[in-house]
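Participant: Below are the structure tokens for one structure; questions will follow.
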Amino acid sequence: MKLALFFPGIGYHADKPLLYYSRKIAAQLGYETMAVPYGGFEKGVKGSAQKMEAAFYSAFEQAEEILKDVNYEKYEEILLISKSVGTVVSAAYAQRHGLATKNVYYTPVEATFRFEPQPGIVFHGTNDGWVETNLVRNECEKRGFPLHIIKDANHSLETGDAAADIRILAQVMEETERYLKSAFLQ
């Protein structure tokens, strides 16, 4: 059996494009899928280390409660797909529970890398106002994580041009599907 858990961002819930379509792909590939719908965050998190830390702890505690009854021992494969602060929550959650996972990290933030994230593929936009491209590049190189940098894309991997954004989403989902098909073969 295979399980895929979806950890959203602060304002990026599981029904937004990156998580919505990656969840469909995971389901098509035979994963049991489960969103981790935490919320209730303060406004103004971006740029405030204190509010970001509070958002992380709140999301982490909520994730613990939401996932408390999951029996991980029955799964041969555990996949974590996360967005923004969800990348921190998923890395910390896997670490706390001793889970061997593969991961899709959509627009990770700096704190993600403090939890020694497990192997995965990373997507980042060069206009991401939450984290510097060089930091993401260096952290991915250090860990050997494949990194897909989307030129001029923001924290949602969008540029503001709807047609371009649809093409970007299609490319990201193609890479995501390719990764999901091969992640546990490695």
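Derivation of every value follows stated rules applied to the coordinates shown; laboratory data play no part. Values in this document were obtained by computation on a predicted structure and should not be read as measured data.
Participant: Can you give the percent of C-alpha pairs in region 2-185 whose distance is more than 30 Å?
Facilitator: Numbers: 1797 of 16836 pairs.
So the pairs more than 30 Å apart make up 11 percent of the total in region 2-185.
Participant: Here is a follow-up. Could you give the length gained by full extension between Arg143 and Leu67, i.e. 0.36 nm per residue of separation minus their alpha carbon distance, to one decimal place? Walk me through the numbers before you get to the answer.
Facilitator: Details: separation 76, 0.36 × 76 = 27.36 nm, distance 2.74 nm.
Difference between extended and current length: 24.6 nm.
Participant: Let me ask something additional. Could you pull out every residue, at least 5 positions away or on a different chain, whose amide H is within less than 5 Å of the one on Ile150? Hs are placed 1.01 Å off N in the peptide plane, and Pro or chain starts have none.
Facilitator: Amide H neighbours of Ile150, under 5 Å, 5+ apart: His124, Gly125, Thr126.
Participant: Continuing with this model, one more query. Debye sum, Cα scatterers, region 48-94, no solvent: what log₁₀ I/I(0) at q = 0.33 1/Å?
Facilitator: -1.27
Participant: What are the ³J(HN,Hα) values, in whole Hz, obtained from phi via the Karplus relation 6.51 cos²θ - 1.76 cosθ + 1.60 with θ = phi - 60°, for each residue of region 45-50 in sequence order, with x given for Gly and Pro?
Facilitator: Those phi angles translate into 6, 4, x, 10, 4, 5 Hz.
Participant: Between Glu175 and Ala27, what is 0.36 nm times their sequence separation minus the Cα-Cα distance? Round to one decimal in nm.
Facilitator: 51.7 nm
Participant: For a quick check: with amide H placed at 1.01 Å from N, whose amide H comes under 5 Å from Ala4's, ignoring anything fewer than 5 positions away on the same chain?
Facilitator: HN-HN under 5 Å from Ala4: Glu32, Thr33, Met34, Leu79.
Participant: From the cross-link list Lys46/Lys102; Lys43/Lys151; Lys46/Lys83; Lys51/Lys83; Lys2/Lys68, which pairs have alpha carbons spaced over 24 Å apart?
Facilitator: Over 24 Å Cα-Cα: Lys46/Lys102; Lys43/Lys151.
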